[in-house]
Amino acid sequence: MIRLEQVTKLYPHRKEPALKQVSLKIPPGQFVYLTGPSGAGKTTLLRLLYGAELPSHGRVVVGGADLSRLAPGKLPLLRRRLGLVFQDFRLLPGRSVFENVALSLEVAGVARRTIERRVGEVLEQVKLGDMANAPADTLSGGEQQRVALARALAPGPDLILADEPTGNLDPDNALAMMRLLVGDYVGGATVLVATHDPTLLSLVRGARLVHLERGRLEEVG
Amino acid sequence: MSRVGRKALGRAWRQMGEDMWLQAVAVSTLTVALAIMGAYLTLCLNLGNAASRLLTGPTLLVVLSPSAGAERGQELALELSRLSGVASTRFVNKDQALVRFRRQLGPQAQLLDDLEVNPLPDGVELVLQPGAVAGPQLAARIKNLAGVAEVVSGRPWLKRLERALAAGGDLAVALGILLFLGVVLVASNTVRLAVHVRRRQLELMVLVGASSSYMRLPYLVEAVLQGIMAAALASGLLWTLFNLLAAPAALPLGLRLGEVLSFPGLLPVALAALAVLAGVLGGFLGVGRTLRPREMV
């Protein structure tokens, strides 16, 4: 599902590379924790995976597509196969829960009836079935992150990339969030969760653990 | 309308409703730009019409001697119409000339009431064919005809007017294009502003896989809709201004501004067409590089 080959990422304003010759292979369906302190390069690695950045050197292949060679017009098609979850939720203010979740289906041109059915399903999965019409920005942090997860899950993605998804949540909500990410809900998708919170690691049995330290990747278990 | 077009229209309408202040800024700015453009078009059209009236009017006036009489005037008109280069002739007797003069004086026409005798002569007006020259030979030939007192030629200054209009026409087109580019610039800046205000929403769309065209199309539609609204407002504004100016203003010779100028009936349509074109061009320019999926996140 994911293949990184000797990936280095340099930024013009930084002396040290954000990522140094990182190689990583993640097969389909695997659950992977990407750990490391703040500034280790976790977010950079995720941004490379969803095509917000291009590597300075090396190759990034996601779902069979080499992102360095991908035509700009094909990038949105790739992103429709991804589910992205961020620490700051990134919901549309002033829009309802339903509208926020439906967004990922609307941009793909999915028919209205299908959108209504699918959004209803994922909102039930994240336990927000009765809040579809509520304005998203009036919900609690935990609820907003579940809306973000529902938005990521709605198109039935092959790969879920979560960047510190529990960073703004209390321990109970963080636990609930992680349960949703490892449950049947993700439908066999590959999941990559970047976190610097060691307490989360024990929540997923058999999860693979990779660690980033100053831009270098090491396999932990 | 295609499904994609309907959806883009729906999204454009919706996003316009969400940012009313932004719409107010965009539409009012465009209204001012289009009103300037409309005023310019009105002025050009009226100048063109006035020039056309002058150029197609009589180019030679044959003044008859007081003893010639109306019958000789009619004969002369017929005789002159047979000359080569003459497009048409018209006998104007002294009474008709006075009525015309009275009309030209407008409110000041009462000055003529004290006249005991009509001082104007009978005359024949000649319109020459395009390209024909009312040279001194023609004037001399006409002057030798029986009953002719004088030949007055308007040709020299009409020639100068023609030349000035030809040069002015090019300048007017150039200025018109500049004004239109100004409207396009205003339209593109309003789109840029809208993109800036909704940047967070657009970034999110990019992240969930929105294509470039999915994001761009509503902005083009929005620019066109704003243009149409602004064209309607600009037309209304110009019409009101035109009527306010035309009514009381008296010009020399008793003419009224409203009699010299006319409000072009097709101006709203022309402004709407220009606004649509400016909206499309401005939309393309305004969205430009800002809505490219890789550069937005």
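For B:31, B:190, what ranking results if the residue with the fewest other Cβ atoms within 10 Å of its Cβ goes first?
Numbers: B:31 25, B:190 28.
Least to most surrounded, the residues fall as B:31, B:190.
Placing a pseudo-label 7 Å from each Cα along the Cα-to-Cβ vector at residue B:2 and residue A:11 gives an inter-label distance of 4.1 nm. Simple rule: put +1 on each Lys or Arg Cβ and -1 on each Asp or Glu Cβ in chain A, find the dipole, and look at A:131, A:71, A:114; the Cα lying farthest toward the positive end is A:71.
The stretch A:146-189 and the stretch B:60-88 have Cα centres lying 99 Å from one another. A helix-only calculation puts chain B at -23000 deg cm²/dmol for mean residue ellipticity at 222 nm, using -39500 (n - 2.57) for each DSSP H run of at least four residues, averaged over all residues.
For the stretch A:138-147, 3J(HN,Hα) computed residue by residue from phi via the Karplus equation (6.51, -1.76, 1.60; θ = phi - 60°) reads 9, 7, 6, x, x, 5, 4, 5, 6, 5 Hz, glycine and proline entered as x.
Debye-formula intensities of the stretch A:63-221, expressed as log10 I(q)/I(0) at q = 0.08, 0.14, 0.16, 0.17 Å⁻¹, are -0.24, -0.73, -0.94, -1.04 (one equal scatterer per alpha-carbon, no solvent). Look at B:239, B:21 and count the other Cβ atoms within 10 Å of each Cβ; fewest to most, that gives B:21, B:239.
Using the crude model of +1 on Lys and Arg Cβ and -1 on Asp and Glu Cβ, and no other charge, please compute the dipole size for the protein assembly as shown relative to its Cα centre, in debye to 20.
That gives a dipole near 1520 debye.
Rounded to the nearest 20 debye, the dipole magnitude of chain A is 840 debye, with +1 charges on Lys and Arg beta carbons, -1 on Asp and Glu beta carbons, and the Cα centre as origin. A straight Cα-to-Cα reach below 30 Å connects residue A:127 with the lysines A:42, residues fewer than 8 places away in its own chain not being considered.
Once the Cα atoms are used to define both axes, helix B:94-105 deviates from the longest principal axis of chain B by about 30 degrees.
The alpha-carbon atoms of the stretch B:59-153, seen along their principal axes, cover 42, 29, 20 angstrom, with the largest extent given first. Here, the protein assembly as shown is characterised by an Rg to Rh ratio of 1.31, where Rg is the alpha-carbon radius of gyration and Rh the Kirkwood radius.
Taking 27 Å as the straight-line reach from the Cα of residue B:7, the lysines in range (excluding those fewer than 8 positions away in the same chain) are A:74. Excluding same-chain neighbours fewer than eight residues apart, the aspartates and glutamates reachable from residue A:25 by a Cα-Cα span under 14 Å are A:5, A:66, A:218, A:219. For the charge dipole of chain B, defined by +1 on Lys and Arg C-beta atoms and -1 on Asp and Glu C-beta atoms about the Cα centroid, which residue among B:165, B:182, B:87 has the Cα displaced farthest towards the positive pole? Farthest along the dipole direction, towards plus: B:182.
Of B:98, B:138, B:64, which is farthest towards the positive pole of the stretch B:1-150's charge dipole, taken about the Cα centre with +1 and -1 on the beta-carbons of Lys, Arg and Asp, Glu respectively? About the Cα centre, the residue reaching furthest to the positive side is B:138.
The C-alpha atoms of chain B define a longest principal axis, and helix B:3-18 lies at about 90 degrees to it.
If N is the number of residues in the stretch A:123-162, what value comes out of its Cα radius of gyration divided by 2.2 N^0.38 Å? Display every interim value, and only then the final one.
Working: Rg = 10.4 Å, N = 40, 2.2 N^0.38 = 8.9 Å.
Cα Rg divided by the expected 2.2 N^0.38 Å: 1.16.
Taking label positions 7 Å along the Cα-Cβ direction at both residue A:175 and residue B:270, the computed distance is 7.6 nm, reported to one decimal. Comparing B:281, B:61, B:115 in a Gaussian network model of chain B (Cα springs below 10 Å), the most mobile by mean-square fluctuation is B:115.
With 0.36 nm allotted per residue and the present C-alpha distance subtracted, the residue B:143-residue B:40 stretch has 32.6 nm of extension available. In terms of overall dimensions, chain B has a Cα radius of gyration and Dmax of 29.5, 96 angstrom. The fewest-to-most ranking of A:53, B:75 by surrounding Cβ atoms within 10 Å reads B:75, A:53.
Run the dipole for the stretch B:59-153 about the Cα centre, Lys and Arg Cβ at +1, Asp and Glu Cβ at -1, nothing else charged, and hand back the magnitude in debye, nearest 20.
Values: 9 positive and 10 negative charges, 72 e Å.
I would put it at about 340 debye.
Each stretch of four or more DSSP H residues adds -39500 (n - 2.57); spread over every residue of chain A, this sum gives -8500 deg cm²/dmol at 222 nm.
Near residue B:92, the amide H atoms lying under 5 Å from its own belong to B:123, B:124, B:125; only residues 5 or more places off or on other chains count, and H is placed 1.01 Å from N.
Hand me the trypsin sites (Lys or Arg not before Pro) from the stretch A:113-221 located in a DSSP loop with no more than 12 other Cβ atoms within 10 Å, in residue order please. Within the stretch A:113-221, the qualifying trypsin sites (Lys or Arg not before Pro) (loop, at most 12 other Cβ atoms within 10 Å) are A:205.
Hey, what's the Cα Rg ratio for the stretch B:1-49 versus the globular rule of thumb, 2.2 N^0.38 Å? Here the answer is 1.75, to two decimals. Here the 3J(HN,Hα) profile of the stretch A:34-45, calculated from phi with Karplus coefficients 6.51, -1.76 and 1.60 at θ = phi - 60°, is 10, 10, x, x, 4, x, 6, x, 4, 5, 4, 4 Hz, Gly and Pro shown as x.
Rg and Dmax, both from the Cα atoms of the stretch A:170-214 and both in Å, are 11.2, 34.
All of the numbers you see were taken from the coordinates with simple rules; none came from a lab. Here the structure is a predicted model, which is why all the values come from computation and not from measurement. Using ideal geometry, Cβ is built from the backbone for each residue, glycine included, and neighbour counts are taken over all protein chains shown.
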